[in-house]
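Report on the structure given below.
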Amino acid sequence: PNDERSYIMIKPDGVQRGLVGEIISRFEKRGFQLRALKIINVERSLAETHYSDLSSKPFFKDLVDYIISGPVVCMVWEGLNVVKIGRDMIGATKPEASAPGTIRGDFAIQVGRNVIHGSDTVENGQKEIALWFPEGIVEWTPVAKPWIYE
Ligand code: DAT
Ligand code: MG
């Protein structure tokens with residue numbers, strides 16, 4: 001289970017606001033392992049596929065427009081319970097409900113500019129990683145592993 005993976009994406013507002021280093025640092029310091037990382041401009045069709053579960057929502061077009069409005073930083077983070085812990089680190093969807101200390105609770109005010117995406121289940125994480133990293137992810141062994149896992 002130490003090889004559980006989550007797809008984490010810094011949205012265009014997070015990139016433009018200079019939050020990339022801060023966010024990577026939080027995941028790194030928690031002990032998670034970075035397995036993939038890139039900055040890209042997102043095709044509309046990719047954003048629509050990523051959020052296809054929300055296609056009937058009234059905010060869908062604004063959401064897709066937002067995701068393609070500037071570059072995003074795409075990442076795969078790995079570790080024990082990374083999906084659940086990652087969601088906890090990110091905070092609630094609506095920033096007014098996100099606890100201080102979470103990424104959204106520290107850096108966001110409105111739901112339509114909530115800085116970051118994180119997979120909500122392990123299964124969705126696998127689908128999202130396949131969607132965003134068709135090229136595959138990087139194999140490496142962190143030296144700190146025995147100091148993070150017993
Ligand atoms: P999360 O990003 O926390 O997983 P989600 O998957 O329910 O939340 O929705 C995806 C994104 O869609 C979310 O980060 C922001 C946007 N969104 C969700 N609910 C919204 C709403 N009620 N109004 C506007 N945008 C919304
Ligand atoms: Mg979601």
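Let's see how each residue does on (1) acidic (Asp, Glu); (2) in contact with a strand residue (DSSP E or B) (Cβ under 6 Å, 6 or more places away or on another chain); (3) open to solvent by 20 Å² or more (accessible area, probe 1.4 Å):
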position	(1), (2), (3)
Arg35	no, yes, no
Lys38	no, yes, yes
Lys57	no, no, yes
Val64	no, no, no
Gly70	no, no, no
Ala92	no, no, yes
Phe107	no, no, yes
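Scanning segment 112-127 for residues that are of a type in the set (S, T, N, Q) and within 13 Å of ligand 2 (Cβ to nearest atom), which turns out surrounded by the fewest Cβ atoms within 10 Å (Cβ to Cβ)?
Thr121
Only one of Val42, Val76 is open to solvent by less than 50 Å² (accessible area, probe 1.4 Å), part of a loop (DSSP other than H, G, I, E, B) and either without any contact (Cβ under 8 Å) to a residue 40 or more places away in the chain or under 30 Å from Thr141 (Cβ atoms) (or both). Can you tell me which?
Val42
Any chance segment 79-93 includes a residue that's touching a residue at least 24 places away in the same chain (Cβ under 8 Å) and touching a Leu at 6+ places or on another chain (Cβ under 9 Å)? Working first, answer last.
Step one: list which residues in segment 79-93 are touching a residue at least 24 places away in the same chain (Cβ under 8 Å), which gives 79-83, 85-87, 89-90.
Add one more test, that the residue is touching a Leu at 6+ places or on another chain (Cβ under 9 Å), and what stays is none.
So far as segment 79-93 goes, no, none of its residues is touching a residue at least 24 places away in the same chain (Cβ under 8 Å) and touching a Leu at 6+ places or on another chain (Cβ under 9 Å).
Which condition breaks for Asn81 when tested against (1) open to solvent by less than 50 Å² (accessible area, probe 1.4 Å); (2) within 25 Å of Lys145 (Cα to Cα); (3) out of contact with any helix residue (DSSP H, G or I) (no Cβ under 9 Å at 6 or more places or on another chain)?
The single condition Asn81 does not satisfy is (1).
Quick check on Gly86: is it on the phi > 0 side of the Ramachandran plot and crowded, with 20+ Cβ neighbours inside 10 Å?
no
Suppose we filter Lys84, Lys29 for residues that are basic (Lys, Arg), within 16 Å of His117 (Cα to Cα), modelled with pLDDT of 95 or more and not in a loop (DSSP other than H, G, I, E, B); which single one remains?
Exactly one of Lys84, Lys29 is basic (Lys, Arg), within 16 Å of His117 (Cα to Cα), modelled with pLDDT of 95 or more and not in a loop (DSSP other than H, G, I, E, B), namely Lys84.
(1) more than 13 Å from ligand 2 (Cβ to nearest atom); (2) free of Cβ contacts under 8 Å to residues at least 60 places away in the same chain; (3) among the hydrophobic types (A, V, I, L, M, F, W, C); (4) under 21 Å from Gln16 (Cα atoms): which one isn't true of Ala130, the others all being true?
Every condition holds for Ala130 apart from (4).
Could you pull out every one of the helices (runs of 4 or more DSSP H) wholly within segment 99-150 that has 1 or more residues that are within 16 Å of ligand 1 (Cβ to nearest atom) and not hydrophobic (A, V, I, L, M, F, W, C)?
103-107, 122-132
The values are calculated or read from the model by the stated rules, or taken from the named source; none is laboratory data. Owing to the predicted nature of the structure, the values given are computational and were not obtained by experimental measurement. Glycine gets a Cβ as well: all are built from the backbone with ideal geometry, and neighbour counts include every protein chain shown. Protein only, heavy atoms only, side chains kept; ligands, DNA and RNA dropped before computing areas. Shrake-Rupley method; radii C 1.70, N 1.55, O 1.52, S 1.80 Å.
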